[in-house]
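Accompanying notes for the structure given below.
Just so it is clear, none of the values below were taken in a lab; they were calculated from the coordinates. Small disclaimer: the values here were computed from a predicted structure and weren't measured. Cβ: placed from backbone, ideal geometry, glycine included. Neighbour counts: every protein chain shown.
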Amino acid sequence: ADAQYTFRARDLLIERSPVQQPPINLEDLKFGTVFTDHMFHVEHVVGQGWGRPAVKPFGLLQVHPAAQVLHYGLCCFEGMKAYAGVDGRTRLFRPELNMARLRRSARRLQLADFDPQELLACLKQLLMVDRSWLPEREGYSIYVRPFIFSSASALGVAKPARSTISILLSPVGPYFPTGLKPISLFVDELNRRAWPGGVGDCKVGGNYAPTIQPQVEAAQRYGTSQVLYTFRESHEHPDHGEFEECGAMNMFFYMEQRDGRRVLATPALTGTILPGVTRDSVLQLASGWGECEVQERPITIAEVRQASEEGRLLEIFGSGTACIVQPVGSLIRANGEVYRTRFSPDDDPAGSLSSRLQRALLDIQYGRVEHPWGVALD
Ligand code: COI
C-alpha cells in the first residue's frame, strides 16, 4: 500500500542531457521563457500506482489529445525560487509550504496524492543537476515550477485516472519589466477572480486563465500591468467593495490612521485569497519588527480612498514568489478616481516599508543572514 501512496526520491533515475545549451544573457531574460537542460517527471495511474520518478533531458511532453488537462483545466502548480547564496550555497525559501499547498491543490482536483517530502527531495536533486544554470547575481534566481495535471485520456468529467507531475526550472530576473519601480494597478470592480465556495485559495490553472482578458483590457485602457480584484460591493454602495488580490500577488496596504497609528493590512484568508508564502513571510517579519500594527482583515475601497485623500495612504505593495515585494504607486478605478500613495520607494529607497521588507526577504534568500526560512541544499 505504501508503494501506491507515493513515489520515493531514492528511486530517482537521473538521465543526463547529451547536449548543453549555451550560456544565457541575463540582460534580455524575459520571465519564464528560458529553461534549463533537465526536467522532472513522474506519472501515477489509478490501480497501478506511481511509476519511477526521473530527472530527464528537457523536452516536449506527449499527451493524448483527450487528456483532461486540455479540456477541463485539470492542472495545478507552484512557484518557488532557488537562489545562489553569497556563501556559494544554493537555497530555497520555505519550500515545504509550497509542497503542502501543491498537495492541497492536487486534492481539490482529485489528482494523485504523494508525499510532499519525497517531491521536495526530487526537486532538490533536479536543482543540483542544473546548478550551473543558477545566476550568481542579486535579483536573479531559478524560478522553480512544479505542476501536476491530468494526463488521463477521457472526455468524461470524472476523477483523473492518470496524473503527471513535472518540474521545470527557469532562470529569471525581475517579474515586471519595469523592475522595482512602483507600478499602477487597475481596480477591477466587474470581473471576479474568486468567490466563496470556489477555489481562489488553491493554485489551480483555472484561477489564472480568466484573468488574462481583464489584464489585457486594463493595459489597453489604463496602461496598467496588473488588475486588482475586488468583491462584496453593491450597486448602491460601490465603495463598500473590498480589495482582494491580483492573481500574481497578494496585496498589502500601509496606512496611517487618523490617530497617527500605523497599520499594515492585508485581506484575510477567507477562501478567496491565495495563501501566499511571501504573504505569510511579510506578515511575520512586519509583526516581529513591531513598528506598526499588522492586520488581516477586510480592506474597503472607501477606507483606502479616504486614506489617500487625507495623505494617510503611505504605501501599497504586492507580494509573491515571482515578484517578491512589488511597490504599487497608484490604483486606478473605472470611475476615473486614482488613489495615490504618499510614499514612493523612489523618495527614499532604503526607508520605505516595502523596500525594507524586500531587503529582509532577499537577505534570507541569498543567505546574507542565517534564517530557518532559507533552506540550503548543498
Ligand atoms: C508566483 O509568484 O510564483 C506566481 O505563481 C505568480 C505568477 C507567475 C503566476
Requiring at least 2 residues that are in contact with a Lys or Arg (Cβ under 9 Å, 6 or more places away or on another chain) and within 16 Å of the ligand (Cβ to nearest atom), the strands (runs of 3 or more DSSP E) wholly within the range 11-114 are 75-77, 80-84, 90-93
For the range 141-167, the count of residues that are in a strand (DSSP E or B) and either within 12 Å of the ligand (Cβ to nearest atom) or small (Gly, Ala, Ser) (or both) equals 10
Of (1) among the small types (Gly, Ala, Ser); (2) within 16 Å of the ligand (Cβ to nearest atom); (3) farther than 24 Å from residue 324 by Cα, residue 197 fails just (2)
Per the filter on the range 203-226, residues surrounded by 19 or more Cβ atoms within 10 Å (Cβ to Cβ), more than 13 Å from the ligand (Cβ to nearest atom) and outside any helix (DSSP H, G or I) are 224
When restricted to 120, 134, the only residue in contact (Cβ under 8 Å) with a residue 24 or more places away in the chain, at negative phi and in contact with a helix residue (DSSP H, G or I) (Cβ under 7 Å, 6 or more places away or on another chain) is 120
- Restrict the check to the range 182-194 and report whether at least one residue is away from the ligand (no atom under 16 Å from the Cβ), within 30 Å of residue 67 (Cα to Cα) and of a type outside the set (Asp, Glu). yes
